[in-house]
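For reference, the structure discussed in these notes is given below.
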Amino acid sequence: MTVEALNCPNCGAGVQSDRPQCEFCKTRLKTVGCPSCFGLMFVGTKFCGHCGAIAAPIEVGLDETSGDCPRCRRDLEPLQIGETELRGCTKCDGLWLDAVTFETICADRERQSAVLGFLDERRAISQPQTKVSYVPCPDCGQLMNRSNFAKASGVIVDICKKHGIWFDADELPAIIEFVQKGGMEIARQRERNELEQERERLRDEQRRLAMQANRTGLSGFLEDPANSGTRTFVRRLFDI
């Protein structure tokens with residue numbers, strides 16, 4: 001994209017078109033094409049600086065379902081990154097994704113690249129969140145659970161099982177990088193190892209129970225399916 005000198009729609013100061021924020025009033029900036037001459041202009045500008053045409057209304061605002069940022073309590077802004085639709089906060093740069101969208105990003109390299117490219121610009125001016133706290137779901141208002149993604153990424157995200165996942169400013173890029181470096185396979189292998197260890201523990205427990213049953217003469221009783229309801233009581237008697 002060719003860099004042009006444009007005027008901030010908020011304060012009127014001259015700003016280069018590749019800048020994500022006005023240097024003077026700190027307004028977040030986004031460029032669009034003029035519907036008449038296709039020249040660049042900032043979203044919110046009333047007239048095109050190239051041809052003078054009246055700018056057509058551009059819907060970057062919010063609808064009834066956008067919800068509030070769980071951190072800043074501001075309205076979330078609908079965002080479109082390629083084929084990916086999500087919602088974001090213009091103050092803290094947090095992001096709200098439904099589960100299907102998040103799964104699609106994790107499985108699609110092209111979407112990952114598009115999201116990372118978009119977020120690189122936002123991260124340049126974002127303010128990191130340092131306070132750790134439980135936050136409400138933007139859709140239902142219930143406090144969300146905090147979880148270490150994949151139990152191995154080290155990225156703690158906020159999850160509403162019914163509606164989606166909240167990512168603070170640097171969390172989604174960190175997760176994408178974790179996925180691209182093979183983190184999901186490492187996490188799956190860890191789960192397989194833990195499952196096998198649990199199976200081995202259960203086999204050892206069964207062998208131990210069988211040995212104790214043989215010593216007490218209860219082996220036939222414990223193995224009879226008709227007596228399965230009493231096994232818990234018997235095991236308590238032997239502290240097993």
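When Q80 is evaluated against the numbered criteria (1) modelled with pLDDT of 70 or more; (2) surrounded by 13 or more Cβ atoms within 10 Å (Cβ to Cβ); (3) closer than 22 Å to A169 by Cα, which criterion, by number, is the only one it fails? Against the list (1) modelled with pLDDT of 70 or more; (2) surrounded by 13 or more Cβ atoms within 10 Å (Cβ to Cβ); (3) closer than 22 Å to A169 by Cα, Q80 comes up short only on (2).
Taking (1) at pLDDT 80 or above; (2) within 24 Å of T84 (Cβ to Cβ); (3) among the hydrophobic types (A, V, I, L, M, F, W, C) in turn, I125 satisfies each apart from (1).
The values are calculated or read from the model by the stated rules, or taken from the named source; none is laboratory data. The structure displayed is predicted, hence computed values, not measured ones. Ideal geometry is used to build each Cβ from the backbone, glycine not excepted, and the neighbour counts take in all protein chains shown.
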